[in-house]
Amino acid sequence: MLTDALAHLLATTDFAWSRPAREAPRPTNIQWRADACDDGSILFFQRFDDGVSDDEIHQRYFAGRRFAALVTNRPLDCFDRMPGVALHVTHPDDWAEVVRRFCDVVYPLAPGALHFVGVTGTNGKTTTVKYLESILAAHGQRVLSIGTLGVFLDGVRQVETGFTSPPLIELRRLLHTHQDQADVVVMEASSHALDQGRVAGIPFQDAGWTNFTQDHLDYHRDEDSYFAAKARLLDLIQPGGRLYCTSQAVADRLAARGPMPVPVEVLEPARLPPEAIAAKPFLALTHNRANYALATALAERLIDPGTAREHWRHLQPVDGRFDCRVHGNRAIVIDFAHTPDALDTILGAIRDGFPDARVLTLFGCGGDRDRSKRPLMGAAVARRSDAIIVTSDNPRHETPERIIDDILTGFPEDQAYSVIVDRAEAIARLFDQLAARPDAEPWVALIAGKGHERYIDRDGRKTPYSDQEQVELNLQRLGWTSAL
């Protein structure tokens, strides 16, 4: 019985500290969300250094809720307020392995039934995963993809997890549920997931690494720690597997760390015929051709080598990644670019792809994240834009005005720009500026930062919002026709 197996595992695991509860119910399930628990739940709660006090943790997650046992990665000051709960604290480096063992009991996976492929990198993970999903599906593979856009089975969305890489218990539940319906699992592996053990025990046959630039320093604290977190992916690649990379700098940095556990192969952006670019305009961008090269290399490890190599024919645009609308000499591009490198890359690609056009960029920056990247984002936009509108993104628990002030410090003193805090109003102003220019004058307007997201995250609430909807509303308002 599952109850007996869970009770045995609790009793035999080598915890750093435990406190039994005399009247705690016998365990019947495992959870990672406190609000999903019942009387028989074992709640696995991973504590981070995020500035939240243990008292706040208790009030936010534990107070008034019932569960049989609590497993944490460190002692909490609120333990004495939980008399009816069995408490367990793992050894500092054992958290992921302990969670994995419990997952093996509750959500077992048939050995060898699924072929796992992981993709990491600062930018391009989602695009690479979706390209790979399309290529494999076109060659008869049943594909489960997991990433920023959600969980898809054979191209049909099953659920949105809210994570690039879900917590391990949720990931294992998803894999257990779909293991009989899929042949291959392609998934994004974020630095947070690799650092927190969210992909512990996942046997990746091969993996890809897109690039590495500044991001997430609010969590990782410094660039070396951020890189080290991503490099943990190599330790999950199985014997006989390899890492494909589209950045020589990443490969060199990995090599400098010492002997590689698996071979690393560096790829150049794919060279494609004019017909491919005409059919799939998003492949005009160099970074998308790099993502395509990575997806192709990973796919060809899984499909019949004798099949045609024109894999680009199977690709579709990726939601919120160079999502383009065209009216006459006006191109409006929605893209998820939200780091200095991503903005510099996509603006450079726009300059290359539309050499005669002027560029108007609308962007903001998220709150409660790495503040140091804000002026760098401002500088990247200033270098490559003819006109700029600075607006709000996901301010979270910060004021949008403070975030914008940080962005503006990256602009040259003589930089011209507009600040419009409300994002919908800013997009309307963008269209008005485009409409005011002569029809014969080509312009590309980049709306950056939110991409596929359909909400604004502010003050702990996610309010429905979509850049795509705002673009469509303004196209209708001006009577502009749109070609994709």
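The values are calculated or read from the model by the stated rules, or taken from the named source; none is laboratory data. Model, not experiment: these values are computed from the prediction. Here the Cβ positions follow ideal geometry from the backbone for every residue, glycine too, while neighbour counts run over all protein chains shown. In case anyone asks, the SASA skips ligands and DNA or RNA and just uses the protein heavy atoms, side chains included. Shrake-Rupley method; radii C 1.70, N 1.55, O 1.52, S 1.80 Å.
Overview of results
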| read-out | value |
| --- | --- |
| Flag if Ala284 is among the small types (Gly, Ala, Ser) and within 26 Å of Gln141 (Cβ to Cβ) | no |
| Residue that is nearest to Pro92 (Cα to Cα), among those in the stretch 1-45 that are out of contact with any Gly (no Cβ under 7 Å at 6 or more places or on another chain) and of a type in the set (Val, Ile, Thr) | Thr13 |
| Residue match in the stretch 77-88 (condition: open to solvent by 30 Å² or more (accessible area, probe 1.4 Å) and under 29 Å from the mean Cα position of the chain (by Cα)) | no |
| Residue match in the stretch 163-172 (condition: open to solvent by 30 Å² or more (accessible area, probe 1.4 Å) and within 16 Å of Ala207 (Cβ to Cβ)) | yes |
| Among (1) open to solvent by less than 50 Å² (accessible area, probe 1.4 Å); (2) in contact with a strand residue (DSSP E or B) (Cβ under 6 Å, 6 or more places away or on another chain); (3) farther than 26 Å from Arg47 by Cα, the one test that Thr127 misses | (2) |
| All positions within the stretch 23-61 that are crowded, with 17+ Cβ neighbours inside 10 Å and charged (D, E, K, R) | none |
| Residues within the stretch 101-125 that are assigned to a helix (DSSP H, G or I) and closer than 22 Å to Arg242 by Cβ, tallied | 1 |
| In the stretch 269-283, the residues that are more than 23 Å from the chain's Cα centre (by Cα) and either open to solvent by 60 Å² or more (accessible area, probe 1.4 Å) or over 11 Å from Tyr131 (Cβ atoms) (or both) | Arg271, Leu272, Pro273, Pro274, Glu275, Ala276, Ile277, Ala278, Ala279, Pro281 |
| Pairs with Cβ under 9 Å, 6+ apart, first in the stretch 53-77 and more than 18 Å from Ser41 (Cα to Cα) and small (Gly, Ala, Ser), second assigned to a loop (DSSP other than H, G, I, E, B) and open to solvent by 80 Å² or more (accessible area, probe 1.4 Å) | Ser53/Asp77 |
| Those strands (runs of 3 or more DSSP E) lying entirely in the stretch 429-484 with at least 1 residues open to solvent by 30 Å² or more (accessible area, probe 1.4 Å) and farther than 18 Å from Cys324 by Cβ | 455-458, 461-464 |
| Residue in the stretch 11-22 that is open to solvent by 70 Å² or more (accessible area, probe 1.4 Å), of a type in the set (D, E, K, R), farther than 23 Å from Val106 by Cα and more than 27 Å from the chain's Cα centre (by Cα) present | yes |
| Pairs with Cβ under 8 Å, 6+ apart, first in the stretch 242-256 and without any contact (Cβ under 8 Å) to a residue 12 or more places away in the chain, second surrounded by 12 or more Cβ atoms within 10 Å (Cβ to Cβ) | Ala255/Val264 |
